[in-house]
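A.B. asks: Sending over a structure as structure tokens; questions will come in a sec.
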Amino acid sequence: MYSVSRPQKQKQITSNNIWCQRLTAAVILGSFLHTTISIPAIAQPTNNLAASLPITNQATYTYTDSSSNYEYQGSSNKLNVNSNPLIDPLGRILGCAGAILPDYTGFSVGVYELNPSDPTGTELGSLLALTRTELPDISNNNVPGGKPPNTENSNPYFITNNPAGFYNFLLDPNKGQTAPGRTYIFVVNPPPNSTYKQRRIKIEILDSTGTPGNNLVQYVATSLDGQPISLTGETRLEQTVVLVPNAETVGLDLLAFEFTVNMCQPNQLQIIKTGDRAAAEPGDTVIYRLSVKNLADAGLNNIVVTDNLPLGFQFLPKSVRGELDGQAITITSERNGNTVAFRTDVTITTEKTLNIAYAAQLTADALRGNGRNSAIVNAQRADNRFSTKDGPATHQLKIRPGIVSDCGTIIGRVFIDKNFDGEQQPGERGVPNAVIFLEDGNRITTDPNGLFSLANALPGNHTGVLDLSSVPGYTLAPNQEFRERNSQSRLVRLEPGGLVRMNFAVTPAFQEPVKK
């Protein structure tokens with residue numbers, strides 16, 4: 001028969017032990033980060049007396065030989081840890097590719113209860129009432145009250161630049177905050193006017209044993225905004241973690257929720273679909289243009305554009321052309337029924353636009369269709385392989401049964417107006433890739449010289465609006481000759497078989513208007 005005594009931990013306990021018992025078995029909510037490697041579970045270095053003393057573990061044993069009735073005694077080797085404090089995990093907010101953000105000013109994190117009136121379980125209720133902790137009493141060398149960096153266990157907690165992006169929260173099991181079925185929403189709030197959007201992650205406690213030697217907590221974390229919460233792109237994670245003793249506060253147990261939360265721009269990709277005409281008839285050839293712009297802070301590759309052609313449109317494979325940053329690139333196409341997939345192996349760098357042009361010929365079956373087609377784009381970030389997409393972008397073509405003799409043409413340009421007269425003179429260059437919205441929802445994109453045209457437009461009034469987001473760094477140029485042109489929109493009247501002009505003048509946003 002064997003009897004083994006439990007290992008003894010030699011550790012001095014101060015008079016603050018009474019205070020520590022008040023926070024026994026609290027839980028830390030942390031480690032929301034985004035990085036290309038696993039971040040080790042670390043906390044701030046401890047400097048209190050209890051953490052700096054050595055820890056000695058040694059087991060002793062006794063047993064009796066039944067044949068000789070002789071009692072044997074012995075002990076194991078000692079395990080000594082002299083100066084390394086125990087380590088607790090913390091959370092951290094990092095960028096989309098795992099890099100430290102240049103500035104955390106204005107970032108805050110918080111833990112919320114669910115809104116009791118929301119049946120979906122996704123809306124925010126009140127802030128979770130956390131057990132308040134105290135600042136360290138350095139004069140008495142007492143054990144610190146809370147866990148750095150959120151020493152007072154504030155909710156919400158404002159992220160600081162030193163340490164960069166770290167945070168933590170203590171959940172109190174004595175209040176039932178780790179009981180099975182408890183559900184919270186963890187929120188990351190970026191500062192106002194930030195390129196990032198608020199992130200929400202739902203955390204549900206599935207199981208909690210809470211028994212000595214078996215302190216296990218099982219939880220599931222679900223992204224409520226559809227963005228990944230892991231390095232491999234998952235939006236839902238289920239984990240089982242162990243309560244870890246806290247080196248800084250005797251009797252305080254910690255629980256780390258460790259999964260990633262990337263702070264990526266909500267719109268990382270944009271697709272625009274345009275056509276060279278507004279109306280066509282069987283036998284005509286329509287040229288479509290797909291513009292794919294990278295809005296992310298990293299390169300995008302594995303580009304796949306899927307275009308669904310209307311009924312009666314015959315795709316012409318030899319017409320496909322690709323262009324990026326003024327250079328021709330190879331585009332492969334594959335048709336499956338009315339769906340055409342375009343692929344390329346190039347990487348679109350930040351703020352660059354990939355243009356794909358192709359032609360389709362109308363057949364007699366086009367009269368039975370609606371002339372509306374749509375396109376979507378899928379891509380991957382080159383830094384962390386996260387997927388992103390945009391669309392659908394649509395184009396509506398009016399199908400006419402025969403020759404339309406009364407249609408006209410709309411022409412125009414988007415240019416930089418230096419003298420603010422609304423007309424383009426030599427030296428006033430055009431703006432490429434500018435987008436004009438028409439009244440029927442179609443969009444026109446300017447060519448490298450800032451020119452655009454729309455053939456076979458039906459006679460009557462037409463309205464065009466310049467999309468200022470397509471010309472970053474520019475704003476509308478003030479027109480000192482015609483007051484009615486100081487608008488983002490243009491109204492033109494197209495006569496049957498006629499030609500009408502629709503110009504838009506812009507100027508750098510930082511430039512002061514020139515006064516005459």
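The values are calculated or read from the model by the stated rules, or taken from the named source; none is laboratory data. In this text, all values refer to a predicted model and were calculated from it rather than measured experimentally. Don't worry about glycine lacking a Cβ; one is built from the backbone with ideal geometry, like all the others, and counts go over all protein chains shown.
A.B. asks: For Thr339, work out the one condition from (1) in the same structural domain as Lys318 (by TED's automatic domain parsing); (2) modelled with pLDDT under 90 it doesn't fulfil.
C.D. replies: (2)
A.B. asks: Go through (1) crowded, with 19+ Cβ neighbours inside 10 Å; (2) more than 18 Å from Lys398 (Cβ to Cβ) for Ser489 and report which single condition fails.
C.D. replies: Going through (1) crowded, with 19+ Cβ neighbours inside 10 Å; (2) more than 18 Å from Lys398 (Cβ to Cβ) one by one, Ser489 breaks only (1).
A.B. asks: Consider Asn301 against the criteria (1) surrounded by fewer than 18 Cβ atoms within 10 Å (Cβ to Cβ); (2) farther than 30 Å from Ala221 by Cα; (3) polar (S, T, N, Q): it satisfies all of them except one. Which criterion is unmet?
C.D. replies: (2)
A.B. asks: Now for a separate question. Taking Ser154, is it modelled with pLDDT of 85 or more and over 22 Å from the mean Cα position of the chain (by Cα)?
C.D. replies: So Ser154 passes the test.
A.B. asks: When the range 244-292 is examined, which residues are found to be at pLDDT 65 or above and among the acidic types (Asp, Glu)?
C.D. replies: Scanning the range 244-292 gives Asp276, Glu281, Asp284.
A.B. asks: From the list Gly125, Gly110, which residue is surrounded by fewer than 16 Cβ atoms within 10 Å (Cβ to Cβ), part of a strand (DSSP E or B) and at pLDDT 85 or above?
C.D. replies: That would be Gly125, the only listed residue that is surrounded by fewer than 16 Cβ atoms within 10 Å (Cβ to Cβ), part of a strand (DSSP E or B) and at pLDDT 85 or above.
A.B. asks: If Ile271 satisfies all but one of (1) surrounded by 19 or more Cβ atoms within 10 Å (Cβ to Cβ); (2) not in a strand (DSSP E or B), what's the number of the condition it fails?
C.D. replies: Answer for Ile271: the failing condition is (2).
A.B. asks: Filter the range 387-443 for residues that are touching a helix residue (DSSP H, G or I) at 6+ places or on another chain (Cβ under 9 Å), over 19 Å from Val465 (Cβ atoms) and among the β-branched types (Val, Ile, Thr) and give the result.
C.D. replies: Listed by number, the list holds a single entry, Ile399.
A.B. asks: Cβ-Cβ below 8 Å, separation at least six or inter-chain, first residue in the range 184-209 and outside the structural domain of Arg236 (by TED's automatic domain parsing) and touching a residue at least 40 places away in the same chain (Cβ under 8 Å), second charged (D, E, K, R) and part of a strand (DSSP E or B): which pairs?
C.D. replies: Going by the 8 Å Cβ cut-off, there are no qualifying pairs.
A.B. asks: Out of everything in the range 186-206 that is of a type in the set (Lys, Arg) and outside any loop (DSSP other than H, G, I, E, B), what residue ends up being surrounded by the fewest Cβ atoms within 10 Å (Cβ to Cβ)?
C.D. replies: For the range 186-206, the residue satisfying everything is Lys202.
A.B. asks: Of the residues that make up the range 440-452, is at least one surrounded by fewer than 19 Cβ atoms within 10 Å (Cβ to Cβ), closer than 22 Å to Pro496 by Cα and among the charged types (D, E, K, R)?
C.D. replies: Looking for residues that are surrounded by fewer than 19 Cβ atoms within 10 Å (Cβ to Cβ), closer than 22 Å to Pro496 by Cα and among the charged types (D, E, K, R), one finds at least one in the range 440-452, hence yes.
A.B. asks: Then there is this: Within the range 170-185, count every residue that is at pLDDT below 90 and part of a strand (DSSP E or B).
C.D. replies: 2
A.B. asks: Anything in the range 214-243 that is at pLDDT 75 or above and among the small types (Gly, Ala, Ser)? List them, or say none.
C.D. replies: Once the filter is applied, which keeps residues that are at pLDDT 75 or above and among the small types (Gly, Ala, Ser), the range 214-243 yields Ala221, Ser223, Gly226.
A.B. asks: Also, quick follow-up: Please find, within the range 297-339, the residue that is farthest from Ser387 (Cα to Cα) out of those that are in contact (Cβ under 8 Å) with a residue 40 or more places away in the chain and not in a strand (DSSP E or B).
C.D. replies: Only one residue fits best here, namely Gly312.
A.B. asks: Which residue pairs have Cβ atoms under 8 Å apart, sit 6 or more places apart or on different chains, and have a first residue in the range 467-485 that is closer than 17 Å to Asn419 by Cα and a second that is of a type in the set (S, T, N, Q) and part of a loop (DSSP other than H, G, I, E, B)?
C.D. replies: From residues that are closer than 17 Å to Asn419 by Cα, the pairs are Leu476/Asn486; Leu476/Ser487; Leu476/Gln488; Pro478/Asn486; Asn479/Asn486; Arg485/Asn479.
A.B. asks: Of the residues that make up the range 69-90, is at least one part of a loop (DSSP other than H, G, I, E, B), modelled with pLDDT of 70 or more and over 26 Å from the mean Cα position of the chain (by Cα)?
C.D. replies: Yes: one or more hits.
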